[in-house]
Amino acid sequence: MDLTRLPASELAELLTSKEVSSVEATRASLDRIGEADGDLHAFLHVAGDAALRRASEIDQLRADGQELGPLAGVPIAIKDVLCTVDMPSTAGSRILEGWVPPYDATVVARLRTAGMVPLGKTNMDEFAMGSSTEHSAYGPTRNPWDLERIPGGSGGGSAAAVAAFEAPVALGSDTGGSIRQPAAVTGTVGMKPTYGGVSRYGAIALASSLDQVGPVSRTVLDSALVHDVIGGHDPHDSTSLDEAWPSFADAARAGAQGRDLSGTRIGVIRELNGAGFQAGVQTRFEEAIALLETAGAEIVEVSAPHFEYAIAAYYLILPAEASSNLAKYDSVRFGLRVVPDGGATVEQVMSATRGAGFGPEVKRRIILGTYALSAGYYDAYYGSAQKVRTLIQRDFAAAFEQADVLVTPSAPTTAFKLGDKLDDPLAMYLNDITTIPANLAGVPGLGLPVGLAPEDGLPVGIQLMAPAREDARLYRVGAGLEALLHESWGAPLLDRLPADFGRHRGAAPHLAPVPGPGTEPDGGTA
C-alpha cells in the first residue's frame, strides 16, 4: 500500500483503526519528499526529525486509549507565510531568512492540538506577491505535471507538494487567488474560506483586508476536514467572526453521497466566461456545467458588471495595504540588517536592508502602494478603488439573489512555462481575473479539478463561490460535483500523474487529457 497516495480521510481511518501508525505515514511522506523535491522544490524547510517525534507521540497517545481528533497523526505541509515556533518562517523573502518566530499562528496551533504532524514549510512567492512562485527569493517551485511549468502562486509550494503526493494536505493563504489558482494548475482542491472564518493571527500579512488562510488537498472532503480543524473564532484576530460554524466535513460527505443537486441554482457569470479564456479551459468548464445540470441543478446566467474593474481595484488596494504592512521590515526590530561599509545612519541602514532584502516584485508593489496612499492621490486612487470594491460586493449580492452558487473557471489558462510572464507584470496579474472578486467581497471560494485541457494535457479547475458564511454550501455542491467527475473518469484526476512525473522524461501516452463526461479521450499524447 502506498500511503502517500491515500486521501487524508482514508489515511485517518487507517490510523484510527491502528492498521497504520503515524510514524509509518509520516516516514512515507518524508521519503516521498526525499525522492521528489529535488525536482519540485516545493519545500523550503523539511522538519524530518521533529515530524517523526511528533508522529511517535501521537501513536503513543492512541495506544494509551486517549481520544484523538479525526485527523490525528495525518501529516500536513505548511505555507511559509504562517508563523511556526519550531521552524523558520520567511514568507519566501531574504529579509526574513532564518527567522524563527516566538509563537505559532493560530491555525498552526490548532492543527498541532488536533494531532496533525507538520512536515515542513512550503515555498511561495515573496510575501505572497505573485501567481507563479517564481518570485520566491529561494528559487521557483515546479509543477509536477510538467517540470518546465509553474505550479501557480503565491502558494505554489503547497499545491505542488499535495499534487506530487509529498503531503496529503497543506495550508495556504489566499489574498487574490493564491490557493485556488495553484489548485487549478496542479489538479488539486483549494478553499478560500469566508473572510473572518479562519484566524489570520500569525499569518505574515500582505493585505489585511484581503488575506485568508485555507486548506489545500486532493479531495473536497479532505479540505473540509482541515477547515474544521483550523476554523472558528479567535480572540487574537480582531476580524475573526464570533459565531458557530457547521461541520464542513459533514456537508462534504452529504454532497458526495447525495449527488442530487435538484433545486440548486448554479449561476454562470457572464463577464467571466468565454472571451479571453484558453479553449481547453472553456471546454472542460462547460462540461462541468453540463454535469451539474444532469445532477438536477438549474443553470442560470447572471451579470456582475463591475467585475471587469476588479483587477484594477485590487492592484490599488493590495499594494497600499502591503506598503503599510511591510514598513515594519526596517532593519531595526527584527529580520535582515545590512550595514553599508564605513558605518551609516539608521536611515541609510534601513535603505540598504530593504534594498537587499526585498525582491523586485515586492519593491514594485511597495512603490505603487506608497504612491496610492500619498497626499493628493489617496482619494483619486485608493479611495476610488474602495468604492469599486463596494460595487463588486453589490454585484455579488444581486447575483446571489438569482443563484445559490456562482461558478467560473479557476484560472483563464493552464500552467504556463517558467519565465514566460516573469518580465510582464500585467500578464501575470491577469491570472487572478476570476479569483480576485471573492477576496474583494469576502465571500468563500472553492476550486477543484475538472479535467485536463485537450490541447496540452494540463489540469483545469472550476471555482465555486457562495455568499459569506455559506462555506458549507460550497463543500456540499463541490463534493457532489467531484463525485460525479470521479465516476465519469473512473478515478481521481491525480491518479493520472505518474510517480516519476513522466511528462518531462518522455513518458506521455498514459497522460492523455481526461475526457469529458461520457466521451472518449481526444487522442494523441499529452
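Each reported figure results from applying straightforward, stated rules to the coordinates on display, with no laboratory input. Everything numeric in this text was worked out from a predicted model, so none of it was measured. FYI the Cβ positions are ideal-geometry reconstructions off the backbone, even for glycines, and counts take in every protein chain you see.
Find how much the distance from Ser208 to Gln60 grows on full extension, using 0.36 nm per residue of separation minus their present alpha carbon separation; answer in nm with one decimal. Mind dumping the intermediate values first?
Numbers: separation 148, 0.36 × 148 = 53.28 nm, distance 4.01 nm.
Separation in residues times 0.36 nm, less the Cα-Cα distance, equals 49.3 nm.
Give me the net charge for the shell around Ala403: Cβ to Cβ below 13 angstrom, other residues only, Lys and Arg +1, Asp and Glu -1.
Values: positive: Arg265, Arg270, Arg473; negative: Glu298, Glu301, Asp395, Glu401, Asp404, Glu470.
Here the count lands on -3.
Charged neighbours of Ala91, selected by a Cβ distance under 13 Å, balance to -2 (K, R count +1; D, E count -1). What is the dipole size for the chain, taken about its Cα centre, with +1 at each Lys and Arg Cβ and -1 at each Asp and Glu Cβ, in debye to the nearest 20? In total the dipole reaches around 860 debye. Working note: 222 nm ellipticity from helices only, DSSP H runs with n ≥ 4, each -39,500 (n - 2.57), summed and divided by the residues of the chain, gives -11500 deg cm²/dmol to the nearest 500.
What fraction, in whole percent, of alpha-carbon pairs in the range 261-332 exceed 20 Å separation? Above the 20 Å cut-off, the range 261-332 has 55 percent of its Cα pairs. Rounded to whole Å, the principal axis extents of the Cα atoms in the range 1-51 read 34, 21, 15, largest first. Loop-located GluC sites (Glu not before Pro) across the range 17-70 with a Cβ neighbour count of 15 or fewer within 10 Å are Glu19, Glu67, with loop assigned by DSSP. The packing ranking, built from the mean of other Cβ atoms within 10 Å per residue, places the peptides 224-237, 478-491 in the order 224-237, 478-491, highest first.
Step by step: find N for the range 38-166, compute 2.2 N^0.38 Å, then divide the Cα radius of gyration by it. What's the final number? Please report the intermediate quantities before stating the final value.
Values: Rg = 15.2 Å, N = 129, 2.2 N^0.38 = 13.9 Å.
In units of the 2.2 N^0.38 Å rule of thumb, it is 1.09.
Taking Cα centre as origin and charging only the Cβ of basic (Lys, Arg, +1) and acidic (Asp, Glu, -1) residues, the dipole magnitude of the range 29-181 rounds to 300 debye.
Among 250-259, 299-308, sorting by the average number of other beta carbon atoms lying within 10 angstrom of each residue, highest first, gives 250-259, 299-308.
Mean Kyte-Doolittle hydropathy of 0.5 or higher plus an axial Cα length of 18 Å or more: which whole DSSP H helices in the chain meet both?
Working: long enough: 22-40 (26 Å, -0.42); 48-63 (22 Å, -0.59); 279-294 (23 Å, 0.26); 310-325 (22 Å, 0.80); 360-373 (20 Å, 0.16); 384-402 (28 Å, -0.35); 471-489 (27 Å, -0.09).
Those that clear 18 Å and a mean of 0.5 are 310-325.
For Lys387, a cut-off of 12 angstrom between C-alpha atoms picks up these aspartates and glutamates, skipping any fewer than 8 places away in its own chain: Asp379.
Peptides 126-134, 179-187, 468-476 ordered by packing proxy, namely the average of other Cβ atoms within 10 Å per residue, highest first: 179-187, 126-134, 468-476. Excluding same-chain neighbours fewer than eight residues apart, the lysines reachable from Lys417 by a Cα-Cα span under 27 Å are Lys79, Lys121, Lys192, Lys363.
What does the net charge come to around Val46 if you take all other residues with beta carbon closer than 13 Å to its beta carbon, with K and R at +1 and D and E at -1? Local net charge: -4.
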